[in-house]
1. Once you order the gyration tensor axes a ≥ b ≥ c over the Cα atoms, which shape class does segment 93-171 get: rounded for a/c under 1.5, otherwise prolate or oblate by comparing a/b with b/c?
2. Taking a cut-off of 12 Å between Cα atoms, list the aspartates and glutamates near LYS397, but don't count ones fewer than 8 places away on the same chain.
3. Return the Cα extents of segment 304-417 along principal axes one, two and three, sorted largest first, each rounded to a whole Å.
4. Can you give the accessible area of ILE267, probe radius 1.4 Å, in Å² rounded to 10?
5. Expressed as a whole percent, how much of the Cα-Cα distance distribution for the chain exceeds 30 Å?
6. To the nearest whole percent, what portion of all C-alpha pairs in segment 344-403 is separated by more than 15 angstrom?
7. Ignoring ligands, DNA and RNA, what percent of the 1.4 Å accessible area of segment 1-120 is carbon and sulfur?
8. Using the Cα centre of segment 109-243 as origin and beta-carbon charges of +1 (Lys, Arg) and -1 (Asp, Glu), tell me which of SER148, ALA163, GLN112 is placed farthest towards the positive end of the dipole.
Amino acid sequence: MSVDKYEVIIGCEIHCQLLTKTKAFCSCENRYGGMPDTRVCPVCLGLPGAMPRISKGYVELGAVAGLALNCNIAEFTKFDRKHYFYPDLVKGYQITQYDVPLCTDGYVDLPQNGSYKRVRIERIHLEEDVGKSLHLEGAHSYIDYNRSGTPLIEIVTKPDMNAPEEAALFMQTVQEILRYVSVTEGNLEEGNMRCDANINLKIWENGKEFRTPISEIKNLNSFRSIRDACTYEVKRQLEEFDTDRQEFVLGFKRTMGWDEVKGETVIQRTKNSFVDYRFTTEPDIKPFTVSRELVEEARKKVGELPEAKRQRLKKEYGLSDFDVQTLTSSRNLVLWFEEAAKKSKDPKKAANWILAELLAVLNEKEQDITEIAIKPDHIADLVNIVCAGTITSKQAKDVFAEMIATAKMPSDIVKEKGLAATTNTDEIAAFVKEVIAENPKAIADYKSGKSNVVGWLMGQVMKKSKGKATPATATKLLNEELAKL
Ligand code: ZN
Ligand code: MN
């Protein structure tokens, strides 16, 4: 092969199901699974005369997604019909948005080597999902129409990605953002989000530049399959260019599938010219204005996005990359933490309690942070009584366990159990004197210069106090007594 070098070019189209209560244009419940054809009605079955109506929250969720991905939201928009024939498309057309999409000109910044790589978003439009073909064993295929009419957004990027890993990271980043703003469940395995990757190569050979034909790999539903399918396709296109000299022609496009088992892309059909979908404005739904109130409401729902939050938390609280990554893994968790941090004298300690102890409890109980009986105030209280020296960090562990078991406030637990650490100097001084008197060998060692026995003596003082002595006071008093020897 005489290829000098090549560049990978990838653009993505992501279909993402929205979390509305009902389907896009009817009152059927919008959820996954169930017995086939149990959530259908004349509208989503496309029966003659049925009238579609835009469902509550549909346009707003689209706007939330658009704002979260830095798009402009159209002031005026409409729905269109896209005609084609396929068994899972009951009406013979799909309701979508053609020339006036709800959202345009956005971007997503992908973290890359300590900086960011920007992937531009051309448009996000609203459309409806189709039914689901089931190719079961036997002579027949079946179709489940429960999914027919499910509200979707389609996110279309510019061809800004230059590596299979980047395409996978893009999907992952979009999933994180859209889950964070509660636009979608985002479960890839349930088909909530599916990615089509458009990929071709720029090749330089003997100083001349070539472009390979575009392949569109359909319905990739895991980060891994995006990466693997694109990686395979790069190899395949290089080989094809080498043997057949196939070059890019406008309008020529291959539609491919990804065979996960074989690890190969499979050609499904070849488009030799633009397919005519005979787009027409949807006559049953009036074009509509998107009120600025709706956009402002949507903007409030977006709030601070995960990456911005991570950067801020790192700066404000001195947390590590790993810590902020864990905290922002769910919006509920990070908001919970922020509330606890705000009320804690030492926010970093609040983070530590949550990351080290509370998450272990949640894991064990298989609970979400919103399901647990304690509130951010509990963690803040615990941090504050440790900071104030009311209890030692050792006692705090027991108080934490009691707090989880009973949901009582740490300061109440301390009062009830009489746990308060003693800062009473006389009391601690008495313990120190006893320890010195009871351990002549250690004292002899100390006098002969073995300073490491101090730590051991300190341990004895703490033990005598049953963990209630404040370590700072005990250390101070022990050192004073030792100095007198
Ligand atoms: Zn319906
Ligand atoms: Mn689409």
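The values are calculated or read from the model by the stated rules, or taken from the named source; none is laboratory data. These figures come from a predicted structure and were not determined experimentally. Neighbour counts are summed over all protein chains in view; Cβ atoms, including those assigned to glycine, are modelled from backbone coordinates with ideal geometry. Side chains included, ligands, DNA and RNA excluded: accessible areas come from the protein's heavy atoms. Shrake-Rupley method; radii C 1.70, N 1.55, O 1.52, S 1.80 Å.
1. On the way: a/c = 3.72, a/b = 1.68, b/c = 2.21.
Oblate shape, in that a/c is at least 1.5 and b/c is the bigger or equal ratio.
2. Straight-distance partners of LYS397: GLU357.
3. 43, 30, 19
4. Spelled out: ILE267, probe radius 1.4 Å, area about 90 Å².
5. Working: 72153 of 117370 pairs.
For the chain, the fraction of Cα-Cα distances above 30 Å is 61 percent.
6. Values: 830 of 1770 pairs.
Of all Cα-Cα distances in segment 344-403, 47 percent exceed 15 Å.
7. Details: 3110 of 5950 Å².
Ligands and nucleic acids excluded, carbon and sulfur reach 52 percent.
8. Among SER148, ALA163, GLN112, the one farthest towards the positive end of the dipole of segment 109-243 is GLN112.
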